[in-house]
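What follows draws every value from the coordinates through simple rules; no lab data is involved. Everything quoted here is computed from the prediction, not taken from an experiment. Positions of Cβ are backbone-derived with ideal geometry, glycine not excepted, and every protein chain shown enters the neighbour counts.
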Amino acid sequence: MGRYKNNAKAVHDLVRETEVHRDVYIDQEVFDLEMDHLFANTWIYVGHDSQIPNVGDYYGTTIGRQPVLMVRHSDGAVHVLYNRCPHKGTRITIDTCGNAGKFFRCPYHAWSFRTDGSLLAIPLRKGYENTGLDQSEAVKGIAHVKHMKNYRGFVFAKMSDSGPGFEDYFGESLSTIDNMVDRSPAGRLEIAGGVLRYMHNCNWKMLVENLTDTCHPMAAHEASAGTAIEVWKKMAPGANTKHPAVEIYAPFMSPYEFFEKMGIRIWRNGHGHTGVHHSIHSDYSAIPGYFDNMVAAYGETRAKAILDENRHNTSYFPNFTVKGPIQSIRLFKPLAPDKTLAESWTFRLVDAPDALLERTLTYNRLVNAPTSILGHDDLEMYERAQEGLHVDANPWVNIQRLYDPAELEQETAVINGTSEWQMRNQFRAWSKFMTLSM
């Protein structure tokens, strides 16, 4: 037995008030415990219901290491099922997405199940007469993930009975999802533009921390965003308008004062967001006709309130982030202590001008794609950190910037935008949910 398994104190001791031990990033046993406990005790984003618009549509993904299916049943309801036949354990599907029609059919022995998981038929069922099959787990059908919630199209699931319910877990942080959905004049989003998947040779928590790290952009992205801006100045001196790429890159080179005044909001259970007062998305060019559409849908006062909210990154603990102003989300899927698959998805605002989706797709390609310029800056830093944490000089990672012991008594706060409080908030949640069921 390792030093952390079934040892809640040892896990708690990995997180201090202003430091975390390197094992949270590099230790295989800690990673295994995350998969068994953290990703079971927390609410994990599964997918968006616009990915399965029709009856029988399904989308295959994972919660931690567990394969699951998000599926649209015949009554229109969305279900989240484990991707496992209850007979012999065979995966029901290996495709990422598709349409099951009226039922799923196991490819091994042809047991079939309705799209809500219930058992439909067993070939040669008479062979099970008087065997007690009716009392077995197998006839209960494909198992549901225990807890599921469809919140305004965003589907979340929690595998364990431990931990809080959906509303208690997310609380006021759901206001970010509300704002992104409300940016549609119809109050609806649709997945559009596919997904960008990008492998990172680092621990998944490094990507999560980076979302609210506002002290790195002007340093880490100087060679990419900074160079793009300088080239534009030479190509178009005195231009009154910026190329769309330059408009996206330029805010990354803002001074520290910009990010300090931008602010960070902290919520309990590890959630938080940058961009309280303004953000890197605040000064994008207006899209012709969009505000008029919003006014027609909501009235001028409400439309202005929705669009004046320009949050940068909202981090939903443990591994989901939302960029409301450009209708983009990212999901960080842990594969190993030093391997993470990042998925970036974009949305169409129903009844909004197509130019908004075009800008979203441009941002995603420039910042989050495998071919991105900015993304590789971050990836290099992650990989250097992953390598450096194996050096024995110091086993602790510092998250002390703007620390105040009084923050331990606060569940919600708005603070200086360069504070590392949100990182500390995430690791306090990490420690809590890692040990709930130990």
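Just to compare against my own numbers: the Cα pair-distance distribution for the stretch 268-393, 10 Å bins, whole % per bin, please.
Over the stretch 268-393, the share of Cα pairs per 10 Å bin runs 11, 34, 33, 15, 6, 2, 0 percent.
If you stretched the chain out fully between Ala385 and Asn7, how much longer would it get, using 0.36 nm times the residue separation minus the C-alpha to C-alpha distance?
Gain in length upon complete extension: 133.4 nm.
Which value does Rg/Rh take for the stretch 74-128 over its C-alpha atoms, Rh per Kirkwood?
Rg/Rh: 0.96.
For Val46, enumerate residues with amide H under 5 Å from its amide H, sequence gap 5+ or separate chain, H modeled in the peptide plane.
Val155, Phe156, Ala157
Starting with the fewest neighbours, write out Glu409, Glu222, Glu300 ranked by other beta-carbon atoms found within 10 Å of each beta-carbon.
Fewest to most other Cβ atoms nearby, the residues stand as Glu409, Glu300, Glu222.
Under a GNM of the chain (C-alpha, springs under 10 Å), which listed residue has the highest mean-square fluctuation: His376, His281, His109?
Most flexible of the set in this elastic network: His109.
Using a Gaussian network model on the chain with a 10 Å cutoff between Cα atoms, which of Met148, Met199, Met35 fluctuates the most?
Maximum fluctuation in the GNM of the chain, among the listed residues, is at Met199.
Between Ile94 and Thr371, what FRET efficiency comes out of the Förster formula 1/(1 + (r/R0)^6) with R0 = 25 Å and r the beta carbon distance, rounded to 0.05?
Given R0 = 25 Å and the Cβ-Cβ separation, E is 0.35.
Order by neighbour count: Asp182, Asp377, fewest other Cβ atoms within 10 Å first, most last.
Asp377, Asp182
If the cut-off is 25 Å between C-alpha atoms, which lysines fall inside it for Lys126, apart from same-chain ones fewer than 8 positions away?
Within the straight-line cut-off, Lys126 pairs with Lys88, Lys102, Lys140.
Just how far, in whole angstrom, is the stretch 241-285 from the stretch 34-74 if you go by their alpha carbon centroids?
Spelled out, the Cα-based centre of one part sits 31 Å from the other.
Compute the orientation-averaged projected area for the stretch 171-434 from the convex hull of its Cα atoms and round it to one decimal in nm².
One quarter of the hull surface, i.e. the mean projection, equals 15.1 nm².
Using alpha-carbon positions, what is the distance between the centroids of the stretch 287-308 and the stretch 389-412, in Å?
Here the answer is 41 Å between Cα centres.
In percent, what relative contact order does the chain have, based on Cα pairs under 8 Å that are 6 or more apart in sequence?
The normalised contact order for the chain reaches 22 percent.
Using the number of other C-beta atoms within 10 angstrom as an exposure proxy, rank Thr62, Thr42 with the fewest first.
Thr62, Thr42
Ranked highest first by average number of other Cβ atoms within 10 Å, how do 355-367, 414-426 line up?
414-426, 355-367
Using the eigenvalues of the Cα gyration tensor, what equivalent ellipsoid semi-axes result for the stretch 45-151 when each is taken as the square root of five times the eigenvalue, whole Å, largest first?
Equivalent ellipsoid semi-axes, largest first: 25, 14, 12 Å.
Quick check on my link table: of Lys233/Lys261; Lys5/Lys432; Lys205/Lys432; Lys205/Lys339, which ones sit more than 20 Å apart, alpha carbon to alpha carbon?
Beyond 20 Å between Cα atoms: Lys233/Lys261.
One-quarter of the Cα convex hull surface for the stretch 360-420, in nm²?
Spelled out: convex hull of the Cα atoms, projected over all directions, averaged, 6.9 nm².
By average Cβ neighbour count within 10 Å, what is the ranking of 125-131, 28-34, 273-279, 285-291 from highest down?
273-279, 28-34, 285-291, 125-131
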